[in-house]
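Participant: Have a look at the structure that comes next, please.
The values are calculated or read from the model by the stated rules, or taken from the named source; none is laboratory data. Keep in mind it's a predicted model, so treat the numbers as computed, not measured. Don't worry about glycine lacking a Cβ; one is built from the backbone with ideal geometry, like all the others, and counts go over all protein chains shown.
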Amino acid sequence: MGFLKRRFKKTKGNVTDAMELGIFMSVFGMVKDIFLTVFMPWKKGEPGETESYEEAIKRLNLTQEDLDDRKKMFTQQTILYMTAALLVLAYGVYLAFQQQIISMVVAFMVAGLALSYAFRSHFWLFQIKQKKLGCTFKEYLDSSLKG
């Protein structure tokens, strides 16, 4: 409790500064934007008109080699982000044992951000493997749980 009193005195009674509310809101805003980007397929033209996988391949002039390169890249990104998240989570647990609560919360938020990036990369990889744009979260989970 003494830590909070010292922290509150340093910020001269300003609760928003003491809680670092601006940082929390910006991180949560980034996570929200990532999830909206993943779950809201980009629309082309009129509302209700969506682009098919084949149309996107033609529009972007992608070959099978390009798609294989992107699969490899998304797999590497997913592994990188998952590894970073696990390391930061482990560091957050260490900070919890050291009673560095504010730092622990920040570490868990960074780990959450890394996990959301890992999810995004894996979801894009899933769409390439399924050869379908605009996959739903239910399709993603069903496929992931089946193996």
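Participant: Tell me which residues, restricted to region 88-147, are among the basic types (Lys, Arg) and within 23 Å of Gln76 (Cα to Cα).
Facilitator: Those that are among the basic types (Lys, Arg) and within 23 Å of Gln76 (Cα to Cα): Arg120, Lys129, Lys131, Lys132, Lys146.
Participant: Would you be able to say whether some residue in region 15-23 is modelled with pLDDT of 90 or more, among the small types (Gly, Ala, Ser) and over 30 Å from Lys132 (Cβ atoms)?
Facilitator: no
Participant: Right, next: Only one of (1) more than 27 Å from Met25 (Cβ to Cβ); (2) outside any helix (DSSP H, G or I) is not met by Gln99, so which one is it?
Facilitator: (1)
Participant: Considering only residues that are crowded, with 17+ Cβ neighbours inside 10 Å and without any contact (Cβ under 8 Å) to a residue 40 or more places away in the chain, look in region 95-107 and name the one that is farthest from the chain's Cα centre (by Cα).
Facilitator: It comes out as Leu95.
Every residue, every condition in (1) on the phi < 0 side of the Ramachandran plot; (2) touching a helix residue (DSSP H, G or I) at 6+ places or on another chain (Cβ under 9 Å); (3) touching a residue at least 60 places away in the same chain (Cβ under 8 Å), yes or no:
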{"position": "Lys71", "(1), (2), (3)": "yes, yes, no"}
{"position": "Met82", "(1), (2), (3)": "yes, yes, no"}
{"position": "Leu89", "(1), (2), (3)": "yes, yes, no"}
{"position": "Val93", "(1), (2), (3)": "yes, yes, no"}
{"position": "Phe123", "(1), (2), (3)": "yes, yes, yes"}
{"position": "Lys131", "(1), (2), (3)": "no, yes, yes"}
{"position": "Ser143", "(1), (2), (3)": "yes, yes, no"}
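Here is a yes/no grid of residues against (1) farther than 30 Å from Met25 by Cβ; (2) in contact with a strand residue (DSSP E or B) (Cβ under 6 Å, 6 or more places away or on another chain); (3) of a type in the set (Gly, Ala, Ser); (4) not in a loop (DSSP other than H, G, I, E, B):
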residue: Glu54; (1), (2), (3), (4): yes, no, no, yes
residue: Gln77; (1), (2), (3), (4): no, no, no, yes
residue: Thr83; (1), (2), (3), (4): no, no, no, yes
residue: Leu89; (1), (2), (3), (4): no, no, no, yes
residue: Tyr94; (1), (2), (3), (4): no, no, no, yes
residue: Tyr117; (1), (2), (3), (4): no, no, no, yes
residue: His122; (1), (2), (3), (4): no, no, no, yes
residue: Leu133; (1), (2), (3), (4): yes, no, no, no
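Participant: Related question: When you check Met40 against the structure, is it hydrophobic (A, V, I, L, M, F, W, C), under 24 Å from Lys131 (Cα atoms), modelled with pLDDT of 65 or more and exposed (fewer than 12 other Cβ atoms within 10 Å of the Cβ), yes or no?
Facilitator: Judged against the criteria, Met40 is a match.
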